[in-house]
Amino acid sequence: MTSQAVRLFRKMDGLFAVYKPQGVHWKHVRDSIESNLLKALNSCPPPAPQLAVQFQLLSGGENSSSKDVVLSPSMVPTLADHPLVTGPQFHKVHVGVGHRLDAFSSGVLVLGVGKGNGVLEHLCKSHVTRDYTLEGEFGKATDNFTHTGRVIEKTTYDHVTLDKLERVLAMIQGANQKALIMYSQVDLHTQEAYELAVRGLLYPHGKSPPILTGLRCIHFNPPHFTLEVQCVNETQKYLRKLIHEVGLELRTSAVCSGVRRTRDGPFKVENALTRQHWTAGSIIQAIAHFSKATRKIRKSEMYKQTAGQLNSNAQVQEQTRSQTEQINQQHVELSSSTSDTVVDRETPVTLSEGRTKH
Amino acid sequence: MRVCQRCVSLLLSRPLSAVLQHSTRALHQRSHLTLLQHSTRHTLSQRHSRQTWRHFADHQAASPDVYNMIDLAQKEVVPLNSDVHRIDLDAAVHTSPLQEISEEEAVQIQVPSALPPESSTLRPYVDKSETLSKLVQLGVNLWKLEQRPNVGSMLVRLDFHADVAPRLLFLKDLGVEESKLGQLVTKNPFILTESLDNLEARVSYLKSKKFSKQSVAAMVSKAPYLLNFSVERLDNRLGFFQKQLGLSAEKARDIVTRLPKLLCGSLEPIKENLKVCELEFGFRGNEIQHIVTTVPKVLIANKRKLTQIFDFVHNTMDVPHSLVAKFPQVLNAKFIRIRERHLFLEYLGRAQYQPSQPNYISLDRLVFLPDDVFCSEVALATLEDFERFQKTL
């Protein structure tokens with residue numbers, strides 16, 4: 001006979017996404033979500049207390065040595081099961097965090113509850129791409145690449161135009177494409193590799209440094225500019241350094257004034273929960289919403305594991321590749337329309353297309 | 001881990017209730033060996049405990065020690081039962097359990113208590129101990145208290161009629177509501193061990209400083225540790241608030257009644273906060289007085305968070321000192337909330353905080369209103385818009 005609290009606890013199994021505000025450590029987010037879930041669980045009515053037999057000695061007369069002493073049994077609820085003595089029903093809910101966001105950044109943060117934590121690990125280790133929006137500002141350079149750091153140098157930026165910026169971004173993206181091809185361990189002279197590359201389904205195998213699969217400028221208003229980035233295996237510090245390097249390439253200096261993650265694998269910002277919705281009800285709804293994506297991740301990991309076991313079997317390897325490519329393809333299809341211009345950056349047609357889009 | 005083996009005087013000669021008062025207790029893992037009240041047993045257990053520790057170190061076996069201790073206890077204290085050791089196992093004199101006995105004899109058999117001598121929770125003792133059951137019925141959260149080291153043992157050892165009841169009656173006479181008594185004891189169980197003379201002295205001191213009966217009762221409910229502090233300390237604090245802040249006696253009394261925690265904590269952080277307000281923020285003396293009388297929490301707020309909020313409000317929102325002093329609630333609010341709402345208003349073009357100009361938004365409305373009312377009345381937008389905007393920050 002399950003109690004209401006246990007039934008509620010069993011619903012808390014899966015992955016969901018949360019919008020982390022800027023300036024907050026990810027641990028505080030995780031802790032507040034866990035305490036909200038525990039609050040909801042412990043507010044359910046506790047199970048009924050056990051009854052114990054108590055023998056009460058009732059004497060017939062006043063003196064203690066009277067002859068008619070009667071022991072009467074009665075069922076009394078034990079105080080030992082009172083909630084003030086036993087404490088709350090649930091002490092801990094396992095809430096895990098996916099790819100972390102440092103305190104300066106904001107955006108989609110994937111959390112896993114209960115059995116979802118296992119899937120979370122696979123999501124982190126798999127090579128899913130993540131979308132970021134980086135805001136930069138020309139004119140100064142700081143020690144930690146953010147606009148709140150200690151200023152090291154100040155420069156002019158009048159000579160910077162959108163054209164020069166786009167050229168620099170194209171160069172960076174070229175270098176990253178080369179790295180992508182190298183780390184994806186495909187031979188580009190084959191037909192399948194070419195088709196994968198055309199569809200944008202190449203991704204790195206094994207350990208790799210951060211690679212940008214997509215990069216473009218959304219907004220240019222000197223000194224402020226905004227970049228949109230799709231990347232694999234990155235850290236937020238690397239992205240801030242990227243802004244700094246963009247500045248250096250343009251013979252000026254730049255700092256990052258904001259890093260915002262808009263997509264982490266299949267989890268997008270439209271479905272991420274804001275601070276007001278960090279309650280048990282909304283979380284369970286979000287888990288139900290993402291259950292399909294969670295199941296896909298779990299399946300792809302199962303395929304990967306069987307592939308690892310039968311290492312010699314090339315066909316199974318092909319199958320794994322196709323499975324993970326399916327997931328990535330869905331990311332590519334489902335993510336915002338900006339990504340379709342990502343793959344063929346080399347042609348000048350798409351450059352103008354990219355510019356006229358905004 | 002230190003094994004605290006205790007000699008449990010197993011109840012063979014003494015009636016059940018007296019045993020519960022003196023010999024059983026709940027042991028928290030970190031608590032030390034506590035000794036019995038009876039003096040001879042005190043020395044006895046000390047001797048035995050030292051012996052057992054040494055014993056334990058030598059033989060690395062717990063069970064023989066227990067038997068030793070129990071036997072010794074029986075030998076020393078209950079000399080009549082010294083025959084226990086010399087039972088002849090072949091004698092057929094002992095009574096069989098299937099032998100029939102009369103009703104009176106059956107009823108007067110002393111059942112040895114099944115209470116464990118030590119336990120990490122208070123659950124085994126609650127039903128048997130009058131103090132603990134009465135405390136649970138009052139609403140005291142025993143689970144929270146047993147997490148604190150030594151508090152569990154202290155509670156079990158209290159006598160309800162001698163210790164707990166007089167103090168609870170004293171608090172009730174003071175005017176504390178019965179429903180709040182449970183919370184009070186949960187927060188501060190040491191009020192049950194403070195001597196009644198001290199409690200009365202402190203209450204009479206507060207009344208001599210012209211605190212009304214209701215305000216004393218409210219202060220004690222809000223700050224459960226208040227009556228555990230000495231009269232000198234309370235005097236020192238009250239004097240500080242009156243002198244340093246330059247407030248009249250009545251205003252000082254008002255602040256202390258609303259936030260009695262001021263009398264409980266240390267004065268150093270309060271002095272730091274005052275210095276920060278004066279030097280870093282640049283508030284004048286009378287502005288600080290107004291802020292403190294409106295929102296006393298500023299005195300014990302976190303210095304770093306206070307600085308962050310003031311920096312944002314003054315430098316980013318361009319609100320002058322006078323307006324911040326007029327609405328000090330903004331210093332008490334959460335930084336994230338202020339930031340998000342201000343950026344939303346700025347995005348909509350409604351960030352107008354000067355009272356002289358049209359479409360003025362006062363700081364307290366910015367901070368105090370709940371989200372839906374804020375969106376509909378102040379920002380004139382929907383809640384969904386606000387959430388979508390939050391996701392772009």
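Could you work out the pair-distance distribution P(r) of the range A:210-251 from its alpha-carbon pairs, with 5 angstrom bin width and percents rounded to whole numbers?
Distribution as computed: 6, 18, 31, 29, 12, 3, 0 percent.
Return the long-range amide H neighbours of A:Ala52 (sequence gap of 5 or more, or a different chain), with a cut-off of under 5 Å between placed amide H atoms.
A:Val76, A:Thr78
Quick one: putting +1 on the C-beta of Lys and Arg, -1 on the C-beta of Asp and Glu, what dipole do you get for the range B:255-344 around its Cα centre, in Debye to the nearest 20? Numbers along the way, then the final one.
Numbers: 14 positive and 8 negative charges, 72 e Å.
The calculation lands at about 340 debye.
HN-Hα J couplings of the range A:154-162 from phi, Karplus 6.51/-1.76/1.60, θ = phi - 60°, integer Hz, Gly and Pro as x?
Going residue by residue, I get 10, 9, 8, 9, 5, 7, 7, 10, 4 Hz, with x marking Gly and Pro.
Can you flag which of A:Lys27/B:Lys128; A:Lys39/B:Lys134; B:Lys222/B:Lys305 are past 32 Å Cα-Cα?
Numbers: A:Lys27/B:Lys128 43 Å; A:Lys39/B:Lys134 27 Å; B:Lys222/B:Lys305 24 Å.
Listed pairs above 32 Å: A:Lys27/B:Lys128.
Quick one: putting +1 on the C-beta of Lys and Arg, -1 on the C-beta of Asp and Glu, what dipole do you get for the range A:29-178 around its Cα centre, in Debye to the nearest 20? Please report the intermediate quantities before stating the final value.
On the way: 14 positive and 15 negative charges, 81 e Å.
Magnitude of the dipole: close to 380 debye.
Greater than 21 Å separation of Cα atoms is the criterion. Which listed pairs, A:Lys241/B:Lys391; A:Lys20/A:Lys207; B:Lys207/B:Lys261; A:Lys11/A:Lys296; B:Lys251/B:Lys297, meet it? The partial results should precede the final answer.
Working: A:Lys241/B:Lys391 24 Å; A:Lys20/A:Lys207 27 Å; B:Lys207/B:Lys261 18 Å; A:Lys11/A:Lys296 19 Å; B:Lys251/B:Lys297 15 Å.
Violating the 21 Å limit, Cα to Cα: A:Lys241/B:Lys391; A:Lys20/A:Lys207.
Can you sort B:Thr294, A:Thr148 by how many other beta carbons sit within 10 Å, fewest first? Provide the component values of the computation, followed by the final result.
Details: B:Thr294 17, A:Thr148 9.
Fewest to most other Cβ atoms nearby, the residues stand as A:Thr148, B:Thr294.
Which cross-chain or sequence-distant (5 or more) residues have an amide H under 5 Å from the amide H of A:Ile211, H modelled 1.01 Å from N in plane?
Excluding prolines and chain starts, which carry no amide H, the hits are A:Val232.
Would you please calculate the Kirkwood hydrodynamic radius of the range B:246-294 over all C-alpha pairs and express it in Å, rounded to one decimal?
On the way: mean 1/r = 0.0864 Å⁻¹.
Across the range B:246-294, the inverse of the average 1/r is 11.6 Å.
Using θ = phi - 60° and the Karplus relation 6.51 cos²θ - 1.76 cosθ + 1.60, list the HN-Hα couplings for the range B:110-123 in order, rounded to whole Hz, with x at every Gly or Pro.
So the Karplus estimates, Gly and Pro as x, are 7, 8, x, 5, 8, 6, x, x, 9, 7, 8, 10, 8, 4 Hz.
If neighbour count is taken as other Cβ atoms inside 10 Å, put A:Lys207, B:Lys243, A:Lys11 in order from fewest to most. Please list the in-between numbers first.
Details: A:Lys207 7, B:Lys243 10, A:Lys11 14.
Exposure proxy ranking, most exposed first: A:Lys207, B:Lys243, A:Lys11.
Kirkwood Rh over alpha-carbon pairs of the range B:128-174, then Stokes-Einstein at 4 °C and 1.567 mPa s: what D in µm² s⁻¹, rounded to an integer? Before the final figure, lay out each step's value.
Values: Rh = 11.2 Å.
D, rounded to a whole number, is 115 µm²/s.
How big is D, in µm² s⁻¹, for the range A:192-277 by Stokes-Einstein at 10 °C and 1.306 mPa s if Rh is the Kirkwood radius over C-alpha pairs? Before the final figure, lay out the partial values.
Working: Rh = 15.3 Å.
For the chosen part, D equals 104 µm²/s.
For labels at A:Glu249 and B:Ser212 in the simple 7 Å Cα→Cβ model, what's the distance in nm?
Reported label-point gap for A:Glu249 and B:Ser212 is 7.3 nm.
Ratio to report: Rg/Rh of the range A:89-181, with Cα atoms as the point set and Rh obtained by the Kirkwood method; give two decimals.
Working: Rg = 19.7 Å, Rh = 17.5 Å.
Taking Rh as the inverse mean 1/r over Cα pairs, Rg/Rh reads 1.13.
Averaging the inverse of every distinct alpha carbon separation and then flipping it gives the Kirkwood radius. What is it for the range B:89-201, in angstrom units? Mind showing how you got there, number by number?
Working: mean 1/r = 0.0590 Å⁻¹.
Taking the inverse mean of 1/r over all distinct Cα pairs, the range B:89-201 comes out at 17.0 Å.
How far is the Cα center of the range B:96-137 from the Cα center of the range A:199-248, in Å?
When both Cα centres are located, 72 Å separates them.
Please order B:Glu280, B:Glu340, B:Glu100 by the number of other Cβ within 10 Å, starting at the fewest.
Values: B:Glu280 13, B:Glu340 20, B:Glu100 6.
Going from sparsest to densest Cβ surroundings: B:Glu100, B:Glu280, B:Glu340.
Let me know the Rg and Dmax you get for the range B:180-336 when you use only its Cα atoms, in Å.
Answer for the range B:180-336, Rg first and Dmax second: 17.2, 55 Å.
Under a point-charge model restricted to the Cβ atoms of Lys and Arg (+1) and Asp and Glu (-1), what is the dipole moment magnitude of the range A:103-250 relative to its Cα centre, in debye to the nearest 20? List each step's numbers first, then the result.
Numbers: 15 positive and 16 negative charges, 79 e Å.
It comes to approximately 380 debye.
Taking amide H positions as placed in the peptide plane 1.01 Å from N, state which residues far from A:Gly258 in sequence (5 or more) or on other chains have amide H under 5 Å from it.
The answer is A:Glu135.
What average count of beta carbons from other chains do you get within 10 Å of the Cβ of residues in A:82-92? Before the final figure, lay out each step's value.
Details: counts 8, 3, 14, 15, 6, 8, 2, 0, 0, 0, 0.
Mean shielding count: 5.
Residue-wise, which Karplus ³J(HN,Hα) couplings in Hz belong to the range A:163-172, taking 6.51 cos²θ - 1.76 cosθ + 1.60, θ = phi - 60°, and x for glycine or proline?
Here the 3J(HN,Hα) series is 4, 5, 4, 5, 5, 5, 5, 4, 5, 4 Hz.
Please state the Cα pair-distance histogram of the range B:120-257 with 10 angstrom bins from zero: what percent is in each bin?
It works out to 11, 40, 29, 15, 5, 0, in whole percents.
Quick note: the coordinates plus some simple rules give every number you see, no bench work behind them. The shown structure was predicted, so the numbers you read here are calculated from the model rather than taken from an experiment. Counting neighbours? That spans all protein chains shown, and the Cβs are built from the backbone with ideal geometry, glycine included.
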